[in-house]
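Inspection log for the structure reproduced underneath, given as C-alpha cells.
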Amino acid sequence: MSQQDIPALYRDHDQLLSESGFATGNTWYHGTASGLVESIKQNGLIRSGDKELNSAIKQTMATIGNSYKENKQPVFITQSKSLAYYWAEHKTRSRNIQLAEKNEGQETPVVVQIDMPEELRSEVKPDVGAAAFILTGNDAYMDFVNDLYTELKFDAPQIDPIKADRMEYQDKLGMVYINKDIPANNVSIVEKKA
C-alpha cells in the first residue's frame with residue numbers, strides 16, 4: 001500500500017507530520033475491519049478482541065499439525081488516521097483470507113477514533129516492538145511511513161534500534177499500544193460527514 005491509496009477521509013498526516021515526527025494529543029486511532037465494527041460499538045476496543053480470527057488461525061494451525069497458543073495482545077493505536085488506515089488494510093486482508101468462507105472477502109478497512117479518557121492516558125506506551133521492522137531492513141510498514149515523510153519533503157526517520165529512545169517509536173513511526181481495554185463510550189467510527 002502506498003500513501004496514494006489512503007482515502008481522503010483518513011489523510012491527516014499532512015497536518016500531523018513534521019520533521020520531528022507525528023504530533024500527539026488526546027485523540028488516537030485504531031485500524032480494523034468492518035466485520036468488527038458492531039462488536040467495537042458495543043464492547044469498545046478489547047485486547048485480543050478478534051476472537052473469530054484467532055479461532056480461525058488456531059484451527060488452521062491444528063489442521064497442519066502445529067500448535068497455536070493465544071497471547072493476550074494489547075490494543076495497538078496510533079496518533080494518525082493515515083497510519084491507522086494502513087493497519088486497517090492489513091487487518092481487513094487477514095480477515096478476508098482467514099474467514100473467506102464466512103465473509104466472502106467483503107470486509108473493508110475501518111478507522112476507529114479513540115477519545116482517550118484521562119484515567120487511561122498514562123497507560124499509552126510506545127511500541128518498541130517496531131525495532132524488528134527496522135532490523136529486517138525490508139518492511140512494508142517502514143516503506144509506507146518513509147513514503148509519508150518523503151511526500152511532505154521530510155527526511156525519512158533514521159532510528160538506531162540499539163540506541164533509540166523509546167519515544168522515537170511513537171513520535172517518528174506512530175507505533176503505540178495500550179494494554180487496557182478501551183470502553184465503548186470512548187470510541188467512534190471515523191465516517192464521512194453527511
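The values are calculated or read from the model by the stated rules, or taken from the named source; none is laboratory data. Source: prediction; values computed, not measured. Virtual Cβ from ideal backbone geometry, glycine too; neighbours counted across all protein chains shown. Heads up: the accessible areas ignore ligands, DNA and RNA and are worked out on the full protein's heavy atoms, side chains in. Shrake-Rupley method; radii C 1.70, N 1.55, O 1.52, S 1.80 Å.
Numbers at a glance
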{"quantity": "Long pairs among LYS41/LYS172; LYS81/LYS172; LYS81/LYS192; LYS72/LYS172, criterion Cα-Cα beyond 23 Å", "calculated": "LYS41/LYS172; LYS72/LYS172"}
{"quantity": "At most 12 other Cβ within 10 Å, DSSP loop - GluC sites (Glu not before Pro), the stretch 147-194", "calculated": "GLU191"}
{"quantity": "Protein-only accessible surface order, largest first, of GLU119, GLU107 at 1.4 Å", "calculated": "GLU119, GLU107"}
{"quantity": "In the stretch 115-164, chymotrypsin sites (Phe, Trp or Tyr not before Pro) in a DSSP loop with at most 15 other beta-carbon atoms within 10 Å", "calculated": "PHE154"}
